[in-house]
Each structure stands twice: as structure tokens, then as C-alpha cells.
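Visitor: Here you go, one structure.
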Amino acid sequence: MDFAKENRTIIIGGERVAPGENKLLKISIDRLPTGTLIDIPVYVFNSKNPGPTLLVQAGLHGDEINGIEIVRRMLADKLYTIDKGAIVAVPILNIFGFIHFSRDVPDGKDVNRSFPGTRKGSMASRIAYHYLNEIMHQIDVAIDLHTGGNQRHNFPQIRYTHEDGLSAKLASIFNAPFTFSSKLIKGSFRNAAYLMNKPTIVFEAGESMRFDDFSIAAGIDGILRILRYFDMVKKSNEDYGGLKKTIYLGKRRWLRAPTAGMFIPKVLNGTQMQKGAILGLVSDIYGKKTKLIKAPDDGYIICINHQAVVNQGDALFHVGVALV
């Protein structure tokens, strides 16, 4: 990857962050009905030495708090102290969703289906528009932190764009427990970044509105590996040896509830499964009728739905087959 030979001044919200400076900036988005101004907080760490500009963002969906905590802990522990390049760290992109404990903004729209957005569109569209125009042209690569929604717990995993070899490289460096390519979705941040030639990976881990320390630690470790790869922070003896390699997945599918009832998983998330093994069951409330959910192939469980009462067709397990 080729980067600028000297660090640039980063300008966000009309404020400048010169090489050697660190600042907390804000992007003004909208007002609440009470008149309270809503801003997106943006931390910029701009070193004096040339290197990549990395965007680390979380809270694109307001209820996905594991990513928010990853950014917060790295801020609190001063892990964005860098020797080269620059970091743009956004702990909460969707402020409206966050304060309402919601995935979406108050009008029900998903910001992550609203890119590139418009200046005079819906709230979600305006958030996407201002964010893209203030930040994206100034960065080189991006890490988008997400969490499973609707009580679905994602085992830590990285998703990259098959058509973008640089995002595949970033995914390999991040080295989450599971890695796979996924299709670009129209209106998503990753799709917008791809169209702007900004290599982007998506880290999915944990479930909405619930902290998961294993997922948070995996996210921090992955970000630090990317910083070390680009020589943005110093390497140490801890960076080498004994690191379990990511498992690349090919074919993936959701296993759905065969009937309505009480859902009881019988396996742990992230574990290996054998074809025909019982993964869980759905039973009626009287204990008279039970339907088993069996593994369709040899592979791995990468997400479990923690909803105890389910309807027929609800997604229960996300499973994948390892690439040979």
C-alpha cells in the first residue's frame, strides 16, 4: 500500500489538525426537537511522521455497544499514541440511535443503508452524507466495528470485500477467530468506501446492548495488529509466536427455527460442529413436541440467537464451512 510521503493536515468540521497534533472535533448533524444540537465526536491523532490514515469507527448502529467500548478503551488506555501516520477514531457515529438504545435513527431508517446520503434528505441520509464528505476523502483504510443485532451473538469475525485485495490483506492482518468475504450491500458504509477505493473491513462481535469482554479484547488486539503492521506503533515481543490463525470460511448459511416454541441451544458459539450433530432444539411450552436442529455439514458455529422464545423461520444459528 502506497501512502503520502508526508503527513497531511486533517480538516473536520472546519477545524484543522496539523501533523504532531491531537484533537477532539465534532461534526454537526442535527438538533433534537428540544433544540439540543447533536454532534458526532471525532478524535484525530496526527503524528509528525508519514504513514497511513486509519479510520476506526463504531456505533453506526446505535445499540451495538461492543464496538463503542473498543474505541473507548483504546482512548482511555492511550493506545492511539502513534509514531507514524494518523488515526481518526469515531466512538459513536449514530448518536441518535445510541441515546434511544436503537439500531436506527428516530425515523426508523438505517444509517448503514443510507450511504452516500444527501444533504437535504432524511436524518439517516444526512448523517451519511456529512460523515462521508467530512472524513472519507482524508483516510486511506477503515475498520468498521459492529455487533450482532436482535439478541444474535456473533463470535468475533472479520468480513472483507472479495473484489478488494487490500481489504483481504487487512482482514488477514487483523486475524479475528473467523474471516470471510461477504457481498457488498447497496447503501452500506462498506459499499460507499469500496466505491471510493478505501479498503475497509467490518469486525462483528458480541450482541447488541450487552458487553462481551472476549469480543472487545479480540477487537482491540486486531486493531493493534494493523497498527503494528503499518509501523504506526512499536512492535514488541508480544506480537510474535503462539497466535492462533484465523479460520477462513467459505459457504455460510442460517439455520432457522422449524417451528415456534422455546429455543434451547446445546452448543457454544465459536465451536466446531460435525455433520448431523445436535446443535439445539425447539420445544412447545408443554414439553410434548420437540424438534431438533442438526448440523448440515462439518464446520463452525459463528452466531447464536439468544432469543429464548422463537417463531417458525427465525434465524437461530449462523454456520460456516472452512475453506480448504
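The values are calculated or read from the model by the stated rules, or taken from the named source; none is laboratory data. Treat the numbers as computed from the prediction; the structure is a model and nothing was measured. For neighbour counting, all protein chains shown are included, and Cβ atoms are generated from backbone atoms with ideal geometry for every residue, glycine included. Heads up: the accessible areas ignore ligands, DNA and RNA and are worked out on the full protein's heavy atoms, side chains in. Shrake-Rupley method; radii C 1.70, N 1.55, O 1.52, S 1.80 Å.
Visitor: Please determine whether any residue of segment 269-287 is in a loop (DSSP other than H, G, I, E, B), among the aromatic types (Phe, Trp, Tyr) and open to solvent by less than 80 Å² (accessible area, probe 1.4 Å).
Guide: No, because not a single residue in segment 269-287 is in a loop (DSSP other than H, G, I, E, B), among the aromatic types (Phe, Trp, Tyr) and open to solvent by less than 80 Å² (accessible area, probe 1.4 Å).
Visitor: When Ile173 is evaluated against the numbered criteria (1) hydrophobic (A, V, I, L, M, F, W, C); (2) within 30 Å of Tyr286 (Cα to Cα); (3) open to solvent by 20 Å² or more (accessible area, probe 1.4 Å), which criterion, by number, is the only one it fails?
Guide: (2)
Visitor: Could you tell me whether segment 8-18 includes any residue that is in a loop (DSSP other than H, G, I, E, B), open to solvent by 40 Å² or more (accessible area, probe 1.4 Å) and of a type in the set (S, T, N, Q)?
Guide: yes
Visitor: If you check Lys120 against the conditions, is it surrounded by fewer than 21 Cβ atoms within 10 Å (Cβ to Cβ), over 16 Å from Glu64 (Cβ atoms), at pLDDT 95 or above and among the basic types (Lys, Arg)?
Guide: So Lys120 does not fit the description; no.
Visitor: When both residues are 6+ apart or on different chains and their Cβ atoms are under 6 Å apart, which pairs have a first residue that lies in segment 29-53 and is over 11 Å from Gly85 (Cα atoms), and a second that is small (Gly, Ala, Ser) and open to solvent by 40 Å² or more (accessible area, probe 1.4 Å)?
Guide: The qualifying pairs are Asp39/Ser28.
Visitor: Could I ask something else about it? Counting only residues that are of a type in the set (S, T, N, Q) and open to solvent by 10 Å² or more (accessible area, probe 1.4 Å), which one in segment 143-153 is modelled with the lowest pLDDT? Let's see the steps before the verdict.
Guide: Restricting attention to segment 143-153, the residues satisfying the condition of being of a type in the set (S, T, N, Q) are 147, 150-151.
When the remaining residues are screened for being open to solvent by 10 Å² or more (accessible area, probe 1.4 Å), the result is 150-151.
On the way: Asn150: 84, Gln151: 91.
Checked segment 143-153; the qualifying residue modelled with the lowest pLDDT is Asn150.
Visitor: For segment 313-324, enumerate the residues that are assigned to a loop (DSSP other than H, G, I, E, B) and either open to solvent by 40 Å² or more (accessible area, probe 1.4 Å) or within 19 Å of Ser181 (Cβ to Cβ) (or both).
Guide: Asp314, Leu323, Val324
Visitor: Which count do you get for residues in segment 28-87 that are of a type in the set (A, V, I, L, M, F, W, C), open to solvent by less than 10 Å² (accessible area, probe 1.4 Å) and under 24 Å from Ile158 (Cα atoms)?
Guide: Within segment 28-87, the subset of a type in the set (A, V, I, L, M, F, W, C) is 29, 32, 37-38, 40, 42, 44-45, 54-56, 58, 60, 65, 68, 70-71, 74-76, 79, 82, 86-87.
Filter again for open to solvent by less than 10 Å² (accessible area, probe 1.4 Å), leaving 40, 42, 44, 54-56, 58, 60, 70-71, 74, 86-87.
Cutting the leftovers down to under 24 Å from Ile158 (Cα atoms) gives us 42, 54-56, 58, 60, 70-71, 74, 86-87.
Number satisfying all stated conditions: 11.
Visitor: Something else about it: Being of a type outside the set (S, T, N, Q), farther than 16 Å from Arg152 by Cβ and surrounded by fewer than 16 Cβ atoms within 10 Å (Cβ to Cβ), is that true of even one residue in segment 303-312?
Guide: No, that holds for no residue.
Visitor: I would also like to ask the following. Looking only at helices (runs of 4 or more DSSP H) that lie completely in segment 39-137, which have at least 2 residues being under 22 Å from Glu6 (Cα atoms)?
Guide: On the way: elements: 65-76, 95-99, 123-135.
Correct list: 123-135.
Visitor: Search segment 236-257 for residues being loosely packed, with under 11 Cβ neighbours inside 10 Å and among the basic types (Lys, Arg), and hand back the single one that is modelled with the highest pLDDT.
Guide: Lys245
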